[in-house]
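First the structure, in the form of structure tokens, and then the observations on it.
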Amino acid sequence: MGTALVYHEDMTATRLLWDDPECEIERPERLTAALDRLRQRGLEQRCLRLSAREASKEELGLVHSPEYVSLVRKTQVLGEEELQALSRQFDAIYFHPSTFHCARLAAGAGLQLVDAVLTGTVQNGLALVRPPGHHSQRAAANGFCVFNNVAIAAAHAKQKHGLHRILIVDWDVHHGQGIQYLFEDDPSVLYFSWHRYEHGRFWPFLRESDADAVGRGQGLGFTVNLPWNQVGMGNADYMAAFLHLLLPLAFEFDPELVLVSAGFDSAIGDPEGQMQATPECFAHLTQLLQVLAGGRVCAMLEGGYHLESLAESVCMTVQTLLGDPAPPLSGPMVPCQSALESIQSARAAQAPYWKSLQLQDATPVPTSPSTHSPEGRPPPLLPGGPMCKAAAPAPAPAPAPSSFLDQPCLCPAPSVRTTVALTAPDTTLVLPPDVIQQEGSALREETEAWARPHKSLAREEALTALGKLLYLLDGMLDGQVNSGIAATPASAAAATLDVAIQRGLSHGAQRLLCVALGQLDRPPDLAHDGRTLWLNIGGKEAAALSMFHVSTPLPVMTGGFLSCILGLVLPLAYGFQPDLVLVALGPGHGLQGPHAALLSAMLRGLAGGRVLALLEEDSTPQLAGILARVLHGEAPPSLGPSSMASPEDVQALMYLRGQLEPQWKMLQVGAFTPQK
Ligand code: Q9C
Ligand code: ZN
């Protein structure tokens, strides 16, 4: 449905007119650098360009006092001396004669974006604006922010569009205390912010930025603060925060709209944030948010002061909004101890208000006593198998801020994003125009050779299906096709999956993730060499045969399914860093379309979106259609209000976590001191 890019050149006008080392980083080039890079990458051209309008007095009045709006209006006619004097009345603020115009455009851009999304003109979008907004308060400018763009957009979405649940995700590296103050007693706005905190020693030095500030009155539990107490947080820390804190709450909240305070000072190279997350991480954060609210995501620029890092991160965000798969994350996926402590303390502070956190945190995760080898790295569950790179990460050398962006993306975009390879092309399928129904098949002799060891592949229909699957798989391995779906007769599902795994591994996949739903037995000769991560959801009991062969019961189709995805599947998958993903809906998988779609949408974050979904032949065209659209980049339908995991689901999850946590660090939700 499209992506809006809202911008106006006039927003480059405001700038610092005097010497102030604190404020000089907020400069016009921030916008031009981001926009130039979007053009260079051909991304701007793919968006619906909207020219920002000014917010009206009434619209600004949704969150600001009339006196404050008049005060800012008056700056238009002040001289430099007076501007400087007024600026000094606020913390980290400069005014310019164009500030009022720019700040009204910035707020107006957010309103236009929200209107475009909520009227269905576009699916999502980004407002490229300055001045930023999230520090600004009812009657105060603060931290380069004049009007609170995101807060105004949220108030407008409530007032003009009648929304009842809005999620604000503030991934800027500073605490958006302005947004927090404006909505702290409002349960219709869930505000999440992570921020550099250093136990209160970092700007804006507020006690209420800590994890125990959770909102007030009716709004208790609707403010979620995740303070980072050390600099250097990276991809694994950000992903862990989303998987183990934000997303469980977000799904439980079930927002109708997601607003992002998209500051990129939380990216590597930024002088303010001093963090380590790479630009690709913002593609993943965006993709994870796109599974909420039917994909209605409105991002608005906040901070971001390293022009190169900012430009690259903006591109990653827009590219993902456009539906392109996220590039794989680099670096070891091991969250640091300090991040885990922060995540744990935020979960503990929120637990009283959120069912999704309650059961799991009732008891500390039991860890086996022998988890620490002398070098501090746990041994593999099964000795002998060489561990893959992802499972046994070497400590990452910190990349130098200037060199981290130099490496060009090595993989050119596949010419076909998604292919449907059903045995008989289905005319009732509803597909996006550029999703191709595959005609081709692998050579007959070759297909027969692969099928020979499997009795269940002897039948003609099974062979035909296998031929189509192999052809699709080859297209993916050659890089011509990014993702696809294939079908097979139910009786041949396990064998077909086995062949797909072997073929994938022998034709170029280094690490293959296989998510098998329903009754699909692990292929008997699946090696324990760390190149395949086998994950069966639908096993009889929770079992970790090795760190690479995991089985868990199929959780009851609701909250349990979500905790399984967020708490097990994705942490393992991100830790494994596969370059190919197979997801198979086998006999008795019992997944409803929306659940299968959600799983596929989230697995799309792995392997650069190289995901092959294998369905049973008699699946409905609706299921095939929904999976094709999701793999192509469309948002999965909302699950709606979720019921919670059953005690059995939680027990299975806790057991596996206890077994696997020593090897798969992304499973950790907190920093527990091992018990004596
Ligand atoms: N070195 C935004 O990112 N100065 N505002 C902090 C610590 C103020 C940041 C000084 C930073 C304001 C939107
Ligand atoms: Zn910031």
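Okay, which of the range 225-264 sit inside 14 Å, backbone N to the point 7 Å along the Cα-Cβ direction of residue 341?
227-231
So what is Rg over Rh here for the range 508-563, counting just Cα atoms and using Kirkwood for Rh? Please report the intermediate quantities before stating the final value.
Working: Rg = 11.9 Å, Rh = 11.9 Å.
Ratio of gyration radius to Kirkwood radius for the range 508-563: 1.00.
Over what distance in Å are the Cα centres of the range 52-80 and the range 328-354 separated?
Centre-to-centre (Cα) distance: 39 Å.
Any chance you could look up the accessible area of residue 537 with a 1.4 Å probe, heavy atoms only, rounded to 10 Å²?
Rounded to the nearest 10, the figure is 0 Å².
Only sites in a loop by DSSP and with at most 16 other Cβ atoms within 10 Å count here; which trypsin sites (Lys or Arg not before Pro) in the range 456-533 make the cut? Before the final figure, lay out each step's value.
On the way: sites: 459, 468, 503, 511, 531; in loops: 459, 511, 531.
Passing both the DSSP loop test and the Cβ count: 459.
Classify the range 583-668: rounded, prolate or oblate, from the alpha-carbon gyration tensor (a ≥ b ≥ c, eigenvalue square roots; a/c under 1.5 rounded; otherwise prolate if a/b is larger than b/c)?
Values: a/c = 1.89, a/b = 1.52, b/c = 1.25.
Prolate.
Using Cα positions and a limit of under 19 Å, work out the aspartates and glutamates in reach of residue 158, with same-chain residues fewer than 8 apart set aside.
Those aspartates and glutamates meeting the cut-off are 58, 59, 115, 170, 184, 185, 186, 254, 256.
So, with a 1.4 angstrom probe, what is the percent of accessible area on the chain that is carbon and sulfur? Working shown, then result.
Values: 13080 of 24450 Å².
Looking at the chain in its full context, I get 53 percent from C and S.
In whole Å, what is the distance between the alpha-carbon centres of the range 479-546 and the range 179-244?
Result: 39 Å between the Cα centres.
Is the range 123-178 rounded, prolate or oblate when judged by the Cα gyration tensor, a ≥ b ≥ c being the square roots of its eigenvalues, rounded requiring a/c under 1.5 and prolate requiring a/b larger than b/c? Don't jump to the answer; show the numbers that get you there.
Working: a/c = 1.83, a/b = 1.48, b/c = 1.24.
Since a/c reaches 1.5 and a/b is larger than b/c, the shape of the range 123-178 is classed as prolate.
With a cut-off of at most 11 other beta carbons within 10 Å, and DSSP calling the residue loop, which trypsin sites (Lys or Arg not before Pro) in the range 17-121 qualify? Please list them. Each step should come with its number before you reach the end.
Numbers: sites: 30, 37, 39, 41, 46, 49, 53, 57, 73, 74, 88, 104; in loops: 41, 53, 88.
Sparse-neighbourhood loop trypsin sites (Lys or Arg not before Pro): 88.
Report the charge-dipole magnitude of the range 421-482 in Debye, nearest 20, computed about the Cα centre from +1 at each Lys and Arg Cβ and -1 at each Asp and Glu Cβ.
For the range 421-482, the charge dipole is close to 260 debye.
Work out the charge dipole of the range 447-504 with +1 on the Cβ of Lys and Arg and -1 on the Cβ of Asp and Glu about the Cα centre, then indicate which of 466, 479, 451 is farthest towards its positive end.
Value: 451.
Counting only heavy atoms of protein chains, what accessible area per residue, in Å², does the range 229-301 have with a probe of 1.4 Å?
Working: 1000 Å² over 73 residues.
Per residue, the range 229-301 has an accessible area of 14 Å².
Could you do me a favour and compute the accessible area per residue for the range 520-676, 1.4 Å probe, result in Å²? Spell out each step's value before the answer.
Values: 5060 Å² over 157 residues.
That works out to 32 Å² for each residue.
Rounding to the nearest 20 debye, state how big the charge dipole of the range 532-676 is about its Cα centre with +1 on each Lys and Arg Cβ and -1 on each Asp and Glu Cβ.
Values: 7 positive and 9 negative charges, 90 e Å.
For the range 532-676, the charge dipole is close to 440 debye.
Using DSSP to define loop residues, name the GluC sites (Glu not before Pro) in the range 418-477 whose beta-carbon has at most 11 other beta-carbon atoms within 10 Å. If you can, show how the numbers build up before the last one.
Values: sites: 439, 445, 446, 448, 460, 461; in loops: 439.
The qualifying sites are 439.
Using label points projected 7 Å from each Cα along Cα→Cβ, tell me how many nm separate residue 22 and residue 74, to one decimal.
So the two model labels end up 2.2 nm from each other.
Could you state the per residue volume, in Å³, of the convex hull enclosing the Cα atoms of the chain? Kindly include the intermediate steps, with their values, before the conclusion.
Numbers: hull volume 95.8 nm³, N = 676.
Spelled out: Cα convex hull of the chain, divided by residues, is 142 Å³.
Quick one: what does P(r) look like for the range 60-119 with 5 Å bins over all Cα pairs, in whole %?
Spelled out per bin, shortest first, that is 4, 17, 22, 24, 15, 9, 6, 3, 1.
Whole number in Å², please: accessible area per residue of the range 1-135, 1.4 Å probe, ligands, DNA and RNA not counted. Display every interim value, and only then the final one.
Working: 5590 Å² over 135 residues.
Normalised by residue count, the accessible surface of the range 1-135 is 41 Å².
The range 1-159: D in µm²/s via Stokes-Einstein (Kirkwood Rh, Cα pairs, 10 °C, 1.306 mPa s)?
Approximately 100 µm²/s, per Stokes-Einstein.
How big is the dipole moment of the chain about its Cα centre under a simple scheme where the beta carbon of each Lys and Arg is +1, that of each Asp and Glu is -1, and everything else is neutral? Debye, nearest 20, please. Walk me through the numbers before you get to the answer.
On the way: 45 positive and 67 negative charges, 139 e Å.
With only Lys, Arg, Asp and Glu charged at Cβ, the dipole is about 660 debye.
Once you order the gyration tensor axes a ≥ b ≥ c over the Cα atoms, which shape class does the range 19-104 get: rounded for a/c under 1.5, otherwise prolate or oblate by comparing a/b with b/c?
Values: a/c = 2.84, a/b = 1.47, b/c = 1.94.
Oblate, since a/c reaches 1.5 and b/c is not below a/b.
Taking +1 at the Cβ of each Lys and Arg and -1 at the Cβ of each Asp and Glu, which of 60, 79, 45 sits farthest along the dipole of the range 8-105 towards its positive end, judged by Cα position relative to the Cα centre?
The residue sitting most towards the positive pole is 45.
The values are calculated or read from the model by the stated rules, or taken from the named source; none is laboratory data. Computed from a predicted model, the values in this text were never measured in an experiment. Quick reminder, even Gly has a Cβ in these numbers, built from the backbone with ideal geometry, and neighbours come from all protein chains shown. Quick note on the areas: whole protein, heavy atoms, side chains included, nothing else; ligands and nucleic acids left out. Shrake-Rupley method; radii C 1.70, N 1.55, O 1.52, S 1.80 Å.
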